[in-house]
Amino acid sequence: MGSADRATDGYQAVFFVEEGQVARQMRASEFGAFLDGYVGLSDLAETDVTAVLVELSGDLLVQALVFFRIWFDEEGRADTSWSLPIEELAKRGAKGPDMGAGPIRLVCRSQCPEPRFAEDLWDPDMTPGSNHFQAIRKAVDGNALKFRKLEPVTEDEDIPVLDAGSSSEDGEGDGAGSADRTRLAQLIREQRLRIKTLQSVHRDTLADIQREHRLELQTLRSEFSDLKQKYERQRLSNEQLKKRLSERNEQYLTMQEQIAAGGEAQKRDEANAGAELTLLREQLDRKQRELELRDDRIVALEQENHELRNREPAENSIMDHLKRQSAFLVAYQPGAGHVTLPFDAIETYFANPVAYAAERCGINEPAYRDWLEHYEKPVCRHAGPDGKACGEPLMRVTQPAEFRPGVDDRCAKHQS
């Protein structure tokens with residue numbers, strides 16, 4: 001598309017057509033800017049536009065029309081792959097309607113000089129009331145693009161002199177016949193174009209109807225397939241229900257037979273159950289009495305234990321001397337050393353000597369036992385892949401509170 005608005009002897013414009021009317025007009029240079037991608041039209045985003053290249057003479061009369069299509073993408077920019085040579089096609093258009101300056105050069109889908117471009121063109125509507133040619137002529141007459149009308153240059157011409165013997169009436173008759181033949185030829189061309197466009201519209205309409213029919217047929221086939229699947233599922237479900245119902249009926253009849261045949265057996269079972277229940281009740285009563293006796297025995301033992309704990313030791317016995325502190329009990333535990341046990345702590349000590357020693361050392365029992373293991377055998381306790389300890393001799397830590405597991409019980413090689 002050239003960037004100039006002027007054709008060889010006039011002007012060029014592009015009209016966008018919507019619903020039989022010219023919706024937008026622009027000069028050729030402005031349309032070229034859209035093709036070059038400099039500007040976009042957001043209101044035309046993702047739209048297939050029907051447009052017309054209009055070539056005008058200097059006195060603003062239509063000389064050529066090219067009815068073409070162009071796609072605008074999601075950003076409102078013209079399709080970058082669009083390369084329809086509309087200007088070249090306009091020069092080669094066939095004769096079309098007379099729009100004020102004689103038959104125009106017309107290029108449309110049904111009248112295209114290059115069949116390979118036909119799919120990118122469209123046919124105008126010539127129906128009265130929605131005639132595209134009339135809408136274009138009306139827009140041209142309105143001159144919204146402000147083209148300057150060029151007045152034709154007139155020159156003095158020799159006036160022909162008629163021969164005195166010639167008949168003026170014959171000349172007028174020939175001129176009238178020629179005009180009638182021209183009008184008739186123009187009318188025939190217009191009718192042929194209308195027939196072609198109607199045929200093209202008919203083909204497009206038929207193609208649309210066929211496409212809708214195919215889509216509708218596909219939808220019906222899909223619905224039929226769904227219904228068929230639903231029917232098959234329902235049939236299988238009914239068969240399964242019938243089978244389960246038959247099994248339930250058989251089970252019900254079997255149960256009735258078993259009930260009828262097992263009435264006496266049930267009575268015997270009830271009698272046996274009653275005897276077993278009586279026996280179980282007697283056993284339960286006996287166990288209850290045994291529990292009561294055991295509870296009484298536990299209370300008596302607790303009372304006896306309390307009396308033994310609080311009973312005064314026999315005179316001149318060891319416990320009597322320990323209580324009166326005339327004798328002392330001394331115990332030895334590693335880390336805690338020799339410990340003099342008070343009378344009240346004797347029982348606690350003998351219950352758990354290790355815990356008693358750990359408390360005296362100011363640590364808990366597990367930590368004391370960990371240190372005690374190191375104290376009794378100061379070697380590296382790191383276990384290798386085979387599970388055996390390293391066994392490297394180490395310096396003994398004599399104070400439990402200073403012992404560091406993972407450090408003092410590991411050699412330099414295995415310290416964590």
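The values are calculated or read from the model by the stated rules, or taken from the named source; none is laboratory data. Everything quoted here is computed from the prediction, not taken from an experiment. A quick note on method: Cβ atoms are made from the backbone with ideal geometry, for glycine too, and the neighbour counts reach across all protein chains shown. The area values use the complete protein model at the heavy-atom level, side chains included, leaving out ligands, DNA and RNA. Shrake-Rupley method; radii C 1.70, N 1.55, O 1.52, S 1.80 Å.
If you scan region 51-80, which residues turn out to be of a type outside the set (A, V, I, L, M) and closer than 20 Å to PRO97 by Cα?
Within region 51-80, GLU55, SER57, GLY58, ASP59, GLN63, PHE67, PHE68 meet the criteria.
Residue check, ALA23 against (1) in a strand (DSSP E or B); (2) open to solvent by less than 40 Å² (accessible area, probe 1.4 Å); (3) not charged (D, E, K, R), all met but one. Which one?
Exception for ALA23: condition (2).
Can you tell me how many residues in region 115-129 are within 46 Å of the chain's Cα centre (by Cα) and not in a helix (DSSP H, G or I)?
Just the residues of region 115-129 that are within 46 Å of the chain's Cα centre (by Cα), to begin with: 115-125.
Retained after the next criterion (residues that are not in a helix (DSSP H, G or I)): 121-125.
Number of matching residues: 5.
Can you name the number of the only condition in (1) touching a residue at least 40 places away in the same chain (Cβ under 8 Å); (2) within 29 Å of VAL39 (Cα to Cα); (3) outside any strand (DSSP E or B) that ALA101 fails?
(2)
Read through the list (1) assigned to a loop (DSSP other than H, G, I, E, B); (2) open to solvent by less than 40 Å² (accessible area, probe 1.4 Å); (3) among the β-branched types (Val, Ile, Thr), then give the number of the only condition that VAL52 fails.
(1)
Every residue, every condition in (1) surrounded by 16 or more Cβ atoms within 10 Å (Cβ to Cβ); (2) aliphatic (A, V, I, L, M); (3) closer than 28 Å to ARG181 by Cα, yes or no:
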position: LEU56; (1), (2), (3): yes, yes, yes
position: SER81; (1), (2), (3): no, no, no
position: GLU88; (1), (2), (3): no, no, no
position: GLY100; (1), (2), (3): no, no, yes
position: CYS108; (1), (2), (3): yes, no, yes
position: PRO113; (1), (2), (3): no, no, yes
position: ASN143; (1), (2), (3): no, no, no
position: LYS146; (1), (2), (3): no, no, no
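Output the number of the condition that ARG281 fails; it satisfies all remaining conditions of (1) at pLDDT below 90; (2) surrounded by 10 or more Cβ atoms within 10 Å (Cβ to Cβ); (3) not polar (S, T, N, Q).
Of everything listed in (1) at pLDDT below 90; (2) surrounded by 10 or more Cβ atoms within 10 Å (Cβ to Cβ); (3) not polar (S, T, N, Q), ARG281 misses just condition (1).
I'd like the full set of residues that are assigned to a strand (DSSP E or B) and small (Gly, Ala, Ser), limited to region 330-366.
Looking only at region 330-366, we keep the residues that are assigned to a strand (DSSP E or B), and these are 330-333, 337-341.
ALA331, GLY337 - these are the residues of region 330-366 that are assigned to a strand (DSSP E or B) and small (Gly, Ala, Ser).
Just to be sure, is ALA367 touching a helix residue (DSSP H, G or I) at 6+ places or on another chain (Cβ under 6 Å) and either closer than 30 Å to VAL407 by Cα or modelled with pLDDT of 85 or more (or both)?
It is false that ALA367 is touching a helix residue (DSSP H, G or I) at 6+ places or on another chain (Cβ under 6 Å) and either closer than 30 Å to VAL407 by Cα or modelled with pLDDT of 85 or more (or both).
Suppose we keep only residues that are over 20 Å from GLY337 (Cβ atoms) and charged (D, E, K, R) within region 378-407. Which one would you say is surrounded by the most Cβ atoms within 10 Å (Cβ to Cβ)?
Filtering first and then ranking leaves ARG381.
Do you know which residues across region 58-77 are open to solvent by 20 Å² or more (accessible area, probe 1.4 Å), under 15 Å from ALA23 (Cβ atoms) and of a type in the set (A, V, I, L, M)?
The first filter runs over region 58-77 and keeps only residues open to solvent by 20 Å² or more (accessible area, probe 1.4 Å), leaving 59-61, 63, 69, 71, 73-75, 77.
From the residues that got through so far, the ones that are under 15 Å from ALA23 (Cβ atoms) too are 69.
Passing the criteria: none in range.
Give the residue that is surrounded by the most Cβ atoms within 10 Å (Cβ to Cβ), with candidates limited to residues of region 35-47 that are out of contact with any Gly (no Cβ under 6 Å at 6 or more places or on another chain) and farther than 24 Å from LYS138 by Cβ.
Among residues in region 35-47 that are out of contact with any Gly (no Cβ under 6 Å at 6 or more places or on another chain) and farther than 24 Å from LYS138 by Cβ, the one surrounded by the most Cβ atoms within 10 Å (Cβ to Cβ) is LEU35.
So which residues in region 71-84 are out of contact with any helix residue (DSSP H, G or I) (no Cβ under 8 Å at 6 or more places or on another chain) and either part of a strand (DSSP E or B) or of a type outside the set (D, E, K, R) (or both)?
Within region 71-84, TRP71, THR80, SER81, SER83 meet the criteria.
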